[in-house]
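Below is one structure, written out as structure tokens; the observations come after it.
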Amino acid sequence: MDAKPTHRPLVLVVDADARSASLLARLLYTDGYDTEVTTDGAAAVARLTRNPVPDAIVTDFHLAHADGLAVARYARSRGPLMLVFVVTGHPNALSSAAGPLDEPLHVLTKPLDYPDLLARLVAALGAPSRA
Amino acid sequence: MVETRFDELKRYVRFGADDARALLAFRAVAEPHFVRIAREFYERIREHEEAHAVFTGEEQIERLQRSMVRWMGRVLSGTYDEAYFEETRKIGRVHVRVGLPQRYMFTAMALMRVSLEDVAEKEAGAAAKVVRTALTRILDLELAMMLESYREDLAEQARRRDEFEAQSLRSDLARTLLLHEAALDASPSLIVGIDPRGMIRLFNRAAQTITGYALEDVFGAPFVELLVADAARPKDAALVASLLAGTLTQLADESLLKTRSGKVRDVRWSFTRTDDGGPEDIVLFANGEDVTDTRAASRQAHQHEKLAALGTLAAGLAHEIRNPLNGAQLHVAFLRRALEKKLPEPELLEAAGVVGDEIKRLARLVSEFLDFARPSALTNKRVVVQALVTRTLELTGPLAAQAGIVIVADVPPQELVIVADGGKLEQVLLNVVQNAIDALSPGGSGRIVVRVRRHPRDVVVEIEDDGPGLPSPNAPVFDAFFSTKPTGTGLGLAITHRIVTDHGGTVGVESRPGRTCFRFTLPIGNESAALEGESA
Ligand code: HEM
């Protein structure tokens, strides 16, 4: 048996499109991440009030009840170093809505480039051990 | 033997055989400088609006530069006889004909004098002083003779005015019109009176200003031949004939006016046929409105409206398209992953790859479209136009060379500085040059010229190729999604158009088989005013 403790960071996936959300979660899972999925902003914020605090969030910008920026802001209040990716089809609108306090904000343009997202997660959180 | 005017002038400035010899000897060392001097001479003219206005196009300017080189050779030819004198007067008459204001003749000659004396100083060695004296004398003679043509022209004008007044008094109708002359001249419209044979008998001040002709120039001249540009002439000739014949009495007509210097303007004419009179009475009034500028402005406004609507659409559409693309892309990633594990067949993997690439292509199209419809604001800085051209050629040259295409730059020697967004202008140049390369590539050879010229208020950039040309000369190439290329998005030229008009410039294209020329202008503007916002 491997002596190393298993290292599986937790990623919260937030997307109004439930199918895309669960597919992304599945891909992340096979690549060594634990995942949770919510499909609206309010539910995401509610999830963030509980422990364990996720290591990273991948959230859509357009969401019901609270948008991706609001989710990102709340996430920061829980863990100032939390890695937050906001995915949007309209990056200009997002950058004009974001303020200096939202930095560092990782904006990803749709369609999401999965290999690129994975590389960034690995760079920030270290390589997970596969399931 | 009677002394000719030329001999008399020569005697006056003490121009003699020594001068002639000195000039001829000087020619040998001066000749290598002619082309440069001619070029500098016309570069200077470009900075002066009224002088520049007599030009009709770049071809003419090039012809003129050659004429100047020949003229310098003539001035230093060593032979100054009656034939020489006649030739000089002929050159003078050319300038009267093109409507060059007389004062420019003086300043232009001063410029030539400085340039040639400069060469004498550097190249004529010990003879410099003698050469300079001879130059002063011959150039004074040249100027005196050219101005003679202007004087003759004035005399001719006076003669025609007399004739005009004599004729006016003979006709009742014209006499009445004379009483209304002040009113006619106050009108901003062109008002032209035409006699039964189609000759001009009345020509108000607006008509004179807009066409560049004086009343004496046009009086008794045929309306259609003189004032209608070639493209509209057959149509207008027929219309005016019907009006004169009386088969039509009222008519509105959009036409093209040809000015004295050969420029073309859009004019909306309204013709009114009056009752018949004598052979020199006015029977037809043409009332014209110069709509060139309003046309251009409304075309511009129309384009802007379209763009604003597109901007709104684009933002919504981008969102709507990117969402499903997102889902599709994730599914493709998932499929690939599953295939790699369970069915590692290259064909299947490749198929999934193709789908992924197509999704990326669509995504790029959406991004380009947003670029076009919602462009970022201009960041203006000082830009040297020649540097932009050099960079464009560096970037496109190697690819063009591979396709057997030669690209050359034809730019003025003096640095041209404008205030603009250099990055965006580079995008424009690259785009248009790339289009030219794409048009020529199938033929496996060709030539592209990137030409830059300074005009009094603008910089004009032309990208000319000798390819097959556009499918139709009126193809809406600047409209979004118009494309002649199988893989084009149809947005390149639309973005080009947008960038140039955002700079306050204009864009146009002329095309026929064998020559396609994209031309855009950029205002030179006021450098310090334009950059004020930047330091703040
Ligand atoms: C020292 C003063 C100048 C000299 C010696 C000169 C010389 C000449 C010569 C030799 C020609 C050719 C004539 C021919 O076709 O027989 C010409 C034509 C012409 N020049 Fe000048 N020029 C002078 C000043 C100017 C200036 C200041 C302008 C102003 C813009 C000008 C505009 C023209 C134009 C428009 C033509 C027209 C001819 C065409 O369409 O071919 N010239 N000049």
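Bear in mind that the values in this text are calculations on the coordinates, not laboratory data. The shown structure was predicted, so the numbers you read here are calculated from the model rather than taken from an experiment. A quick note on method: Cβ atoms are made from the backbone with ideal geometry, for glycine too, and the neighbour counts reach across all protein chains shown.
Within region B:286-320, find all residues whose amide N lies under 18 Å from a label point positioned 7 Å from the Cα of B:Leu378 along Cα-to-beta-carbon. The answer is B:297, B:300-305, B:307-308. Among the lysines of chain B, pairs that are 8 or more positions apart or on different chains and have alpha carbons within less than 28 Å of each other number 16. Between 0 and 90 degrees, the angle of helix A:68-78 with respect to the longest Cα principal axis of chain A falls at about 60 degrees. By definition, a body whose alpha carbon gyration tensor gives a ≥ b ≥ c is prolate when a/c is 1.5 or more and a/b is larger than b/c, and region B:45-172 fits this prolate description. Distance from the Cα centroid of region B:187-208 to that of region B:321-358 is 74 Å (rounded to whole angstrom). Of B:Phe15, B:Phe41, the sequence from fewest to most neighbouring Cβ atoms within 10 angstrom is B:Phe41, B:Phe15. Compared with the direct C-alpha span, the chain from B:Glu225 to B:Phe164 gains 19.9 nm at full extension, assuming 0.36 nm per residue.
Using a/c under 1.5 as the rounded threshold, could you call region A:17-90 rounded, prolate or oblate? The axes a ≥ b ≥ c are square roots of the C-alpha gyration tensor eigenvalues, and prolate needs a/b larger than b/c, oblate otherwise. It is oblate, given that a/c is not under 1.5 and a/b is not larger than b/c.
Helical content of chain B, expressed as a calculated mean residue ellipticity at 222 nm, amounts to -19500 deg cm²/dmol (DSSP H runs of 4 or more residues, -39,500 (n - 2.57) each, divided by residue number, nearest 500). Relative to the longest principal axis of the Cα atoms of chain B, the long axis of helix B:34-46 lies at roughly 80 degrees.
Using 0.36 nm times the number of residues separating B:Glu320 and B:Glu40, minus their current alpha carbon distance, what extension gain do you get?
95.1 nm
Expressed as a whole number of Å, what is the distance separating the alpha-carbon centroids of region A:1-70 and region B:10-59? Measuring centre to centre over Cα atoms gives 80 Å. In chain B, the longest principal axis of the Cα atoms and the axis of helix B:102-123 are about 80 degrees apart. For chain A, the 222 nm mean residue ellipticity estimated from helices alone, with every DSSP H stretch of n ≥ 4 adding -39500 (n - 2.57) and the total spread over all residues, rounds to -11500 deg cm²/dmol.
Overall, the anisotropy analysis places chain B in the oblate class: the square-rooted eigenvalues a ≥ b ≥ c of its C-alpha gyration tensor yield a/c not less than 1.5, with a/b not exceeding b/c. In terms of surrounding Cβ atoms within a 10 Å radius of their Cβ, A:Asp60, B:Asp371, B:Asp217, B:Asp275 rank from fewest to most as B:Asp275, B:Asp371, B:Asp217, A:Asp60. Between B:Ala214 and B:Lys360, the modelled labels are 7.1 nm apart [label points 7 Å from Cα along Cα→Cβ]. How many angstrom lie between the Cα centre of region B:262-300 and the Cα centre of region B:420-441? Region B:262-300 and region B:420-441 have Cα centres separated by 40 Å.
In plain terms, the residue of A:Met82, B:Met105 with the fewest other Cβ atoms within 10 Å comes first and the most crowded comes last, giving A:Met82, B:Met105. Other protein chain C-beta atoms within 10 Å of residue C-beta, averaged over B:313-324: 4.
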